[in-house]
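The values are calculated or read from the model by the stated rules, or taken from the named source; none is laboratory data. Predicted model, so just to flag it, every value in this text is computed and none were measured. All Cβ positions, even for glycine, are placed from backbone atoms using ideal geometry, and neighbour counts span all protein chains on display. We work out accessible area using only protein heavy atoms, side chains counted, and drop any ligands, DNA or RNA first. Shrake-Rupley method; radii C 1.70, N 1.55, O 1.52, S 1.80 Å.
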Amino acid sequence: MAVMRTPKDVPHEFIKACKDELAALNLCMNLSNLSDEAIRENLGIDKGHFSRLRKGRGNFPANKRVAVMELCGNRAPVQYEAWRLNCELVDLSKDAQIRQLEQQLQLLKAA
């Protein structure tokens, strides 16, 4: 079993080059440097079905979307969706750090 990685953002120009959700999913897997066999085995997807998924002739299981991003170490599929919906993803750890810095700033201003 492969090690799950903390998903990182993919450069925005890669996301903008995706023509659809399938392209974003394939980008996610391609950037992982894992073999198709390693990905499908870790996700528990049949070899034939996985081959069809990669070619767009099958549907990727919704309950494996987060797992594929963790396995592959990037957020390409969800970044693509956010971009198409004119939204941005916010890393919660960064958000927490911003809140902490804003609180410190308020304390300094009050002093």
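Can you find, within region 32-67, the residue that is farthest from residue 5 (Cα to Cα) among those that are among the charged types (D, E, K, R) and open to solvent by 90 Å² or more (accessible area, probe 1.4 Å)?
57
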Review point. Can you name every residue in region 30-60 that is more than 17 Å from residue 20 (Cβ to Cβ), part of a loop (DSSP other than H, G, I, E, B) and either out of contact with any Leu (no Cβ under 8 Å at 6 or more places or on another chain) or β-branched (Val, Ile, Thr) (or both)?
Key: 33, 35, 44, 45, 46
**Study point:** Cβ-Cβ under 9 Å pairs, at least 6 apart or on other chains, region 66-81 side over 14 Å from residue 30 (Cβ atoms) and in contact (Cβ under 8 Å) with a residue 24 or more places away in the chain, far side open to solvent by 20 Å² or more (accessible area, probe 1.4 Å) and hydroxyl-bearing (Ser, Thr, Tyr)
**Key:** 70/6
Review point. Which residue, of 10, 3, is modelled with pLDDT under 95 and either loosely packed, with under 14 Cβ neighbours inside 10 Å or not in a helix (DSSP H, G or I) (or both)?
Key: 3
Review point. Does region 18-27 contain at least one residue that is surrounded by 14 or more Cβ atoms within 10 Å (Cβ to Cβ) and not in a helix (DSSP H, G or I)?
Key: yes
Exercise for review: Could you tell me which residue of region 76-97 is farthest from residue 14 (Cα to Cα), considering only residues that are assigned to a helix (DSSP H, G or I) and open to solvent by 90 Å² or more (accessible area, probe 1.4 Å)?
Suggested key: 97
Check your understanding: Only one residue in 81, 70, 21 is closer than 15 Å to residue 3 by Cα and either at pLDDT 95 or above or touching an Asp or Glu at 6+ places or on another chain (Cβ under 9 Å) (or both), so which one is that?
Key -> 70
